[in-house]
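*Asks:* Handing you this structure, nothing more for now.
The values are calculated or read from the model by the stated rules, or taken from the named source; none is laboratory data. Predicted, not measured: the structure shown is a model, and the values here were computed from it. Here the Cβ positions follow ideal geometry from the backbone for every residue, glycine too, while neighbour counts run over all protein chains shown.
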């Protein structure tokens, strides 16, 4: 097995996911199967192949991209949304979201 | 299936203008159909009659005044439940967003609204669009209108089933690895994945940001074209939306296909492809040849690596995007003594098994010591897959493949083995990774009566060419081949 029980627990902690004892074994099995399959990527020689960091880059969208309309002026505008946004929160006291105590002193 | 008349976008417009029906009556007719069929199909999660009738009344008032009607006036449309709709609950088919009501419309939704569309409701899907069968919904699976014992495909299964069953004239879906095209194929309706950046993702609740696209499913290629025409175009609220002019797709689509070069990659017709599907798609290609297209044999040598690449990149992006569900700002909160305990319990309770599995895989792939071996390597293989497409489009105008290796499978058939489920995306994820547009167009049925889909890929921003071929194919009888 590529994945140990400790690996599963470490990843679950990083992802802030609570897992039951049963789930730990299930995910260990599943991840192991998928990662073994994914090992086929090691067959390929990727020397000198740039990782694809951007899906559509300038050559694919030539003329119109030249003037970059996606880069707009940085203008301050009204953003009066705190009411509707806070009203969707499980626990809010305007203008804050409330959470359990983080710092003890 | 019921003998109710099949509405098209043109048909709605003509009936409204001739005053044979009002937009309000039409919306009512669709709600009556939904009431009859939805208990069995489970295609809709939330209906939005308040907004629909308000939209319909606006259209009826415009007709009464004799105003010129916008392009989708009165057209009843369904919206996948991962796309934000102001005032209408948007769950992503997840328990973690069970009561979430977005304060704004996605750009695609806002554009449909301005075009006069009537929003019937939100359609079921795999939780956070993660799945290929709609069985990962926290609110139960959707059933395929062609055979209720079979899946509709996924993740946009509710959108595809709603259109196929006549419960909407058109629908918005989203496609990350095949989630519009594969359910389109399974349910027998056209479904288009546009080029990455063609349609704004603003308001699309993110799964994998470098792969997510919004696109239409509809009863005909012409109707998918009409919806794309409304939702396409640059949006300053999505920095990855492309500043590329939107052509007149209706004009592009009507051009003759004579002389177009269609590439047929042998890598898509090998082991694992159902023989009946293969035969149908080869007949479909022969039909395109009879319409004057030229068959060009192709090799796309990295096809076989696409699933592995996709499941690293998509899960890595998902693990980051889904970090926002922590019980603080929206959605479910399970109380805990500490902040961390609250996060853990909220996410444990709120996410379903497949979403957890993908968050785990993505977190693992990005974690210290594994980033280069998995994520960075997959990014490089993505470049190789994109080059396969770039090389192919030096020689051809479009690439033709099956959409999925099989027709719709039975509910429960693949749920125990995630890898088998992932492999159902084998022909669609390639184009998703390359960022090119692709459509699934109905291509006959199996002897058992299950729809088969033929996939047409085009070069970046060549939706016009993809739709042109799909429409010619449809008009030449491709759907009953």
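*Asks:* Does at least one position in region B:391-402 carry a residue that is free of Cβ contacts under 8 Å to residues at least 60 places away in the same chain, out of contact with any strand residue (DSSP E or B) (no Cβ under 9 Å at 6 or more places or on another chain) and closer than 18 Å to residue B:207 by Cβ?
*Replies:* no
*Asks:* Within region B:367-375, does at least one residue satisfy the condition of being surrounded by 19 or more Cβ atoms within 10 Å (Cβ to Cβ), at pLDDT 95 or above and under 27 Å from the mean Cα position of the chain (by Cα)?
*Replies:* Checked against the condition, which is being surrounded by 19 or more Cβ atoms within 10 Å (Cβ to Cβ), at pLDDT 95 or above and under 27 Å from the mean Cα position of the chain (by Cα), region B:367-375 yields at least one hit.
*Asks:* I would also like to ask the following. Please specify each residue of region B:329-348 satisfying the condition of being within 7 Å of chain A (Cβ to nearest Cβ), under 19 Å from residue A:96 (Cα atoms) and crowded, with 19+ Cβ neighbours inside 10 Å.
*Replies:* If the condition is that a residue be within 7 Å of chain A (Cβ to nearest Cβ), under 19 Å from residue A:96 (Cα atoms) and crowded, with 19+ Cβ neighbours inside 10 Å, then B:330, B:333, B:342, B:343 are the ones that fit.
*Asks:* Go over the candidates B:143, B:114 one by one and state the one that is touching a residue at least 12 places away in the same chain (Cβ under 8 Å), under 18 Å from the mean Cα position of the chain (by Cα) and in the same structural domain as residue B:231 (by TED's automatic domain parsing).
*Replies:* Result: B:143 is the single residue among B:143, B:114 that is touching a residue at least 12 places away in the same chain (Cβ under 8 Å), under 18 Å from the mean Cα position of the chain (by Cα) and in the same structural domain as residue B:231 (by TED's automatic domain parsing).
*Asks:* Can you tell me which residue among B:328, B:277, B:281 is over 24 Å from residue B:434 (Cα atoms) and not in a loop (DSSP other than H, G, I, E, B)?
*Replies:* Working: B:328 fails: not in a loop (DSSP other than H, G, I, E, B); B:281 fails: over 24 Å from residue B:434 (Cα atoms).
Matching residue, one of B:328, B:277, B:281: B:277.
*Asks:* Inspect all residues belonging to region B:23-30 and state whether any of them is under 30 Å from residue B:136 (Cβ atoms) and surrounded by 15 or more Cβ atoms within 10 Å (Cβ to Cβ).
*Replies:* As a first pass, look at region B:23-30 and keep what is under 30 Å from residue B:136 (Cβ atoms): B:30.
Still in the list and also surrounded by 15 or more Cβ atoms within 10 Å (Cβ to Cβ): B:30.
Yes, region B:23-30 contains at least one residue that is under 30 Å from residue B:136 (Cβ atoms) and surrounded by 15 or more Cβ atoms within 10 Å (Cβ to Cβ).
*Asks:* If the requirement is being assigned to a loop (DSSP other than H, G, I, E, B), touching a residue at least 60 places away in the same chain (Cβ under 8 Å) and crowded, with 24+ Cβ neighbours inside 10 Å, which of these qualifies: B:73, B:108? I'd like the intermediate steps shown before the answer.
*Replies:* Details: B:108 fails: assigned to a loop (DSSP other than H, G, I, E, B).
Just one listed residue meets the conditions, B:73.
*Asks:* Only one of these is surrounded by fewer than 24 Cβ atoms within 10 Å (Cβ to Cβ) and assigned to a strand (DSSP E or B): B:412, B:448, B:453, B:444. Name it.
*Replies:* B:444
*Asks:* Exactly one condition in (1) at the interface with another protein chain (Cβ under 9 Å from one of its Cβ atoms); (2) more than 22 Å from the chain's Cα centre (by Cα); (3) modelled with pLDDT of 95 or more is false for residue A:13; which is it?
*Replies:* (2)
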